[in-house]
Every structure is written in C-alpha cells, then in structure tokens.
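Report on the following structure.
The values are calculated or read from the model by the stated rules, or taken from the named source; none is laboratory data. Keep in mind that what you see is a predicted model, and the values were worked out from it rather than measured. Quick note on the areas: whole protein, heavy atoms, side chains included, nothing else; ligands and nucleic acids left out. Shrake-Rupley method; radii C 1.70, N 1.55, O 1.52, S 1.80 Å.
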Amino acid sequence: MPNTARWAATLTLTATAVCGPLTGSALASPQGAAAGLYAPSALVLTVGHGQSATTAAPERAVTLTCAPTSSGTHPAAADACAEIRAAGGDFGALADRGGAACTKQYDPVTVTVEGVWQGRRVAHERTFSNECVKNSSGSVVFSF
C-alpha cells in the first residue's frame with residue numbers, strides 16, 4: 001500500500017499544479033482586449049501595367065508599416081508614412097504636382113494599396129496614363 005499512497009499523492013500534486021491555475025480569476029470571462037498603444041498600419045503596395053488592378057499583373061510590390069515606426073520594403077518608408085498621415089489616410093488626396101513633361105503615350109500603369117491604415121481596412125487603386133506620369137505625380141507613396 002505504501003506505493004499506492006505515494007502514487008495517489010503524486011497524482012494529486014500533479015493535478016493541483018496543472019489545474020490550479022485554471023481556477024479563480026483565470027476562469028473569469030475576459031474584460032475585452034487591452035487597448036494597443038497604436039492602431040495598426042500595415043500596407044502592401046503594387047504597381048503593374050494595365051487599365052485596372054484586375055487586368056494589371058503586379059510587376060513590383062512593397063510593404064509599408066507606419067506604426068509604431070516606419071518600416072517595410074518601401075524605399076522611402078518614413079516619407080511615405082508622413083505623406084499618408086498628412087493626407088489623413090485618403091490615398092486619393094495624395095499630392096499630385098501635375099504639369100510634368102511627359103509624352104502622351106497611353107501605356108496605363110495601375111498602383112494599388114491594400115491593408116490596414118490606423119486600424120481600418122483600406123483598398124485603393126489609381127491608374128496613371130504612363131510610367132512617367134506616375135513618377136512625376138509628386139507622391140512619395142507611389143515612388144517604388
């Protein structure tokens with residue numbers, strides 16, 4: 001019987017150690033997720049030739065994360081994040097210098113932005129008449 005008593009004591013201690021943390025406050029329902037220090041802002045930007053995102057095969061793609069710090073594969077991540085913040089997250093309102101000396105050749109280039117900006121889902125598409133017009137738009141966000 002001594003082995004049986006030792007086995008019972010070991011089983012009781014093991015059960016208490018494993019199940020003990022599951023009692024009390026650990027079983028209480030969560031009060032909701034803790035508020036983050038920042039709203040997530042992570043984007044994927046693509047560029048491809050075509051009249052729309054559905055017809056343009058992506059030729060290049062970059063990532064852009066703006067919170068808590070600017071990072072990603074975008075060549076000017078900090079400037080791009082600052083530009084998006086200045087536009088209030090409205091990708092249609094990004095700077096457009098216009099007046100660039102580009103040919104009138106029609107070879108459409110479509111840029112897409114998809115992801116999350118300050119906690120809300122975004123999907124933006126913009127088509128430029130050609131690569132020169134895209135590059136001269138003045139927007140750092142689309143310069144990749």
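Accessible surface computed residue by residue for the range 46-144, with neighbouring protein chains in place and a 1.4 Å probe, gives 52 Å² per residue.
Between rounded, prolate and oblate, where does the range 37-97 land on the alpha carbon gyration tensor, with a ≥ b ≥ c its root eigenvalues, rounded for a/c under 1.5, else prolate if a/b exceeds b/c? Judged from the Cα gyration tensor, the range 37-97 comes out prolate (a/c at least 1.5, a/b above b/c).
Convert 10 °C to kelvin, take the viscosity as 1.306 mPa s, use the Kirkwood radius over C-alpha pairs of the range 75-144 as Rh, and evaluate the Stokes-Einstein diffusion coefficient in µm²/s, rounded to a whole number. Here the translational diffusion coefficient equals 124 µm²/s.
Put simply, the convex hull of the Cα atoms in the range 66-114 casts, on average, a shadow of 4.8 nm².
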